[in-house]
Amino acid sequence: MNIVLNVASAVVLVLLTWVMLSRFRQLRAITQLRLDLVAATAARDASERKHREILDRSLQGFYQVTTDGRFLAANPTMASILGYESVDALLAESAGVCERMSVEPSQHQEFMRLMETQGYVSGFESALRRRDGRVIWVTQAARRVSGDDGRPYLEGFIDDVTSRREAEQIKADFVSFVTHQLRTPLAGIRWMLELAEQGELDGDTASCVEDARLSAERLIALVNDLLDVARLESGRVLAAPEPTAIVDVTQQALQEMAPLAVAREQQVTISTEPVPPVLVDPHLARQAILNFLSNAIKYTPHGGSIHVSAIQDGNAVRWSVRDTGIGVPSVSQPRLFEKFFRADNAQIVDTEGTGLGLYLVRLIALRAGGSVTCESNEGEGSTFTLTLPVAQERKAVA
Ligand code: ADP
């Protein structure tokens, strides 16, 4: 009996010890879990603090804003760029504050349109009115983000570029002033040379006078291009975007250019499907198309061919001119739309070019919310494409 009791007590003891041991192990595991959790929370807090410090110290303004223009978050630089004494004061603003700050309503509409259509902007420049009424220029990189609740908001960085814009403005004013002053006397010189050409001149004098007139015409073209560039760069061209029938503009431009193409025995063709009107200033569109066409004629040898087309591509119209000309060397293609840039092969064909035409076209396209591209093989030809937004689509978003 005693033996049985002793065995039973031993079993109970062993069981108790085992239970206590597993309980102890459980407690130790729970404690370890707690310690791990505390460490993970501390690490997360430290990481969040670090990110917050980076944003707080950033020289760029950072913001998150709802699509109806209410600030969700901002860093101190953002508040200070916009003239607020604190982030809280900025966050306290009611919905629509972004639109109210915008000096040019069209810039705000353009920003929202790009966010809607492509979901991001980069290097977007616009004028804002600070809280103290001072107008500043900012550049933004921002994107559209989907929140946890599924609602979209906008998140971005902002830089104050007012001093650069002011310096550019002074330069543009200077160029405008000089070119403007040059225009009248140059027109006078051309007129007098034209008169002289109508008189009785001997062979040598006649050819000198003709050379002088052609030089005056080139100078007038250069001065006009410089003036246009200065106006477009400073945003002072009174662009009046309206629904524009791009095919009609093309037909008129082709008529204007026809004598040049005929003189070079080039075949010019056009094929378009019915395309909707695009939203662009018709005068600027005409200027862009004339530039593309005159380049195609200039850089295509005698007897070559030029083909113009326009197609709808979603919310945009893609207008293209394809030629069988000298083409653009691949090394020059990335720089083609830079101011004053001319490829080496073009300088041999035409020594008088300015390298302003394509730059001007790019400014016009960007101004209208469009873009320009070039595809080319040297020696085979080029295709230049101007993409412009469809008028109805743009209106609907604005
Ligand atoms: P410009 O014709 O006065 O040089 P642009 O700005 O119109 O100035 O053109 C810039 C450069 O782009 C030209 O010098 C030439 O190198 C290249 N280019 C433009 N159009 C064509 C074309 N159709 N074919 C080949 N090269 C072209």
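The values are calculated or read from the model by the stated rules, or taken from the named source; none is laboratory data. Worth saying up front: this structure is predicted, and the values here are computed from it rather than measured. In this analysis, Cβ positions are derived from the backbone assuming ideal geometry, glycine residues included, and neighbour counts consider all displayed protein chains. Calculation scope for accessible area: heavy atoms of the full protein, side chains included, ligands and nucleic acids excluded. Shrake-Rupley method; radii C 1.70, N 1.55, O 1.52, S 1.80 Å.
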**OP:** Just name the residue that is farthest from VAL229 (Cα to Cα) out of those in the range 313-327 that are open to solvent by 20 Å² or more (accessible area, probe 1.4 Å) and over 21 Å from the mean Cα position of the chain (by Cα).
**Re:** THR324
Subject >> Flag for VAL4 being β-branched (Val, Ile, Thr) and surrounded by 10 or more Cβ atoms within 10 Å (Cβ to Cβ) >> reply: no
Subject >> the range 307-327, residues that are near the ligand (Cβ under 8 Å from one of its atoms), assigned to a loop (DSSP other than H, G, I, E, B) and on the phi < 0 side of the Ramachandran plot >> reply: GLY325, ILE326
**OP:** State which residue is most open to solvent (accessible area, probe 1.4 Å) when the search covers only the range 227-259 and only residues that are out of contact with any Asp or Glu (no Cβ under 9 Å at 6 or more places or on another chain), modelled with pLDDT under 90 and not in a loop (DSSP other than H, G, I, E, B).
**Re:** ARG231
Original post:
Out of curiosity, is GLY304 within 8 Å of the ligand (Cβ to nearest atom), crowded, with 16+ Cβ neighbours inside 10 Å and modelled with pLDDT of 95 or more?
Top reply: no
**OP:** Give the range 282-301 a look and list any residue that's hydrophobic (A, V, I, L, M, F, W, C) and within 13 Å of the ligand (Cβ to nearest atom), or say none.
**Re:** ALA288, ILE289, LEU290, PHE292, LEU293, ALA296, ILE297
**OP:** Report whether or not ARG100 is under 25 Å from GLU168 (Cα atoms) and open to solvent by 30 Å² or more (accessible area, probe 1.4 Å).
**Re:** no
Original post:
So which pairs qualify, if the first residue must be in the range 332-346 and β-branched (Val, Ile, Thr), the second must be part of a helix (DSSP H, G or I), the Cβ gap must be under 6 Å, and the two must be at least 6 apart or on different chains?
Top reply: none
Original post:
Looking at the range 328-370, which of the residues that are more than 7 Å from the ligand (Cβ to nearest atom), among the acidic types (Asp, Glu) and in a loop (DSSP other than H, G, I, E, B) is surrounded by the fewest Cβ atoms within 10 Å (Cβ to Cβ)?
Top reply: GLU352
**OP:** Take the range 260-282 and flag every residue that is in a helix (DSSP H, G or I) and either touching a residue at least 40 places away in the same chain (Cβ under 8 Å) or in contact with a strand residue (DSSP E or B) (Cβ under 8 Å, 6 or more places away or on another chain) (or both).
**Re:** ALA261, PRO282
Original post:
Mind checking which pairs have a first residue in the range 360-379 that is acidic (Asp, Glu) and a second that is open to solvent by 20 Å² or more (accessible area, probe 1.4 Å) and near the ligand (Cβ under 10 Å from one of its atoms), Cβ under 7 Å, 6 or more apart or different chains?
Top reply: GLU375/THR383; GLU378/ASN345
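Listed here are the residues, each with its yes/no results for (1) under 16 Å from ASP160 (Cβ atoms); (2) part of a strand (DSSP E or B); (3) of a type outside the set (A, V, I, L, M).
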residue: ALA39; (1), (2), (3): no, no, no
residue: LEU55; (1), (2), (3): no, no, no
residue: PHE62; (1), (2), (3): yes, yes, yes
residue: GLY69; (1), (2), (3): no, no, yes
residue: GLY83; (1), (2), (3): yes, no, yes
residue: ALA89; (1), (2), (3): no, no, no
Original post:
Can you tell which of GLU265, GLU273 is more than 14 Å from the ligand (Cβ to nearest atom), at positive phi and loosely packed, with under 14 Cβ neighbours inside 10 Å?
Top reply: GLU265
Original post:
What is the one condition in (1) surrounded by fewer than 16 Cβ atoms within 10 Å (Cβ to Cβ); (2) closer than 25 Å to THR244 by Cα; (3) over 21 Å from the mean Cα position of the chain (by Cα); (4) of a type outside the set (A, V, I, L, M, F, W, C) that SER294 does not satisfy?
Top reply: (1)
Subject >> Criterion violated by ASN75 - all others in (1) surrounded by 14 or more Cβ atoms within 10 Å (Cβ to Cβ); (2) over 30 Å from VAL390 (Cβ atoms); (3) polar (S, T, N, Q); (4) out of contact with any helix residue (DSSP H, G or I) (no Cβ under 8 Å at 6 or more places or on another chain) satisfied >> reply: (4)
